[in-house]
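Taking it in order: structure first as structure tokens, then the write-up.
Throughout, read-outs are computed from the coordinates displayed, never taken from laboratory work. In this text, all values refer to a predicted model and were calculated from it rather than measured experimentally. Neighbour counts run over all protein chains shown; Cβ positions are idealised from the backbone, glycine included.
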Amino acid sequence: MIDVVCPYCAQAARLVSRSEVYPHLPDNGWRYFRCEPCDAHIACDPRSGQPQGRLANAALRSAKRMAHGLFDAVWKGSHASMTRSQARHWLADRLGMAVADCQIANFDLAQCWQTIAVLRQNRNWQRNGTQAAVAWSVGHSPGDASNGRARLRLPVASRHSDPGKPMHRASSVA
Ligand SMILES: [Zn+2]
């Protein structure tokens, strides 16, 4: 039996079925730790039974969804500029934390908002073609900010990274 304490009220959380957390969904065997007075819960890993992070209330759940969505856009989809592993190293570096601790599921509200700010700034750089994220992930990529947008989609083979390198704009070698 795993003891999980609600981070909001410090009372013990109860282990419940999915239908208790989401009454409109059928029970699928998943278990959740829940604190009803705080409207906080977290899903358990179906195999280990371990909670997949800290209990989250509505505000934290919403912030985590936003952070996850922005993070996923960095490494998958049409605007991806890094592999997932590179993106985790990059985010941990920007947040000033160890990669092992860089798990959005475990973040509190302040960490989520810090993550969202970092990821939004990165997204804006990408949109403006200033290549900040790409420059970080490809190291010495030759590039010119004026045509950065066309250079955002790099072949996978050139996405080698140097996590120790500080982020900077690639300088033009043309
Ligand atoms: Zn509570």
Difference of contour (0.36 nm per residue) and Cα-Cα distance, ARG65 to ARG47: 4.2 nm
Under a point spin-label approximation (7 Å from Cα along Cα-to-Cβ), what is the ARG123-SER19 distance to one decimal in nm? 3.7 nm
Rounded to whole Hz and in sequence order, give me ³J(HN,Hα) for the stretch 30-45 from the Karplus expression 6.51 cos²θ - 1.76 cosθ + 1.60, θ = phi - 60°, writing x for Gly and Pro. 6, 10, 10, 8, 9, 10, 5, x, 9, 6, 10, 7, 8, 6, 9, 4
Convex hull (Cα only) mean projected area of the stretch 14-55, reported in nm² to one decimal: 2.8 nm²
HN-Hα J in Hz across the stretch 77-84 - Karplus 6.51, -1.76, 1.60, θ = phi - 60°, x for Gly and Pro: x, 5, 9, 4, 10, 8, 6, 4
For the stretch 63-73, in residue order, the Karplus 3J(HN,Hα) values (coefficients 6.51, -1.76, 1.60; θ = phi - 60°; whole Hz; Gly and Pro = x) are 5, 5, 4, 5, 4, 4, x, 5, 5, 4, 5
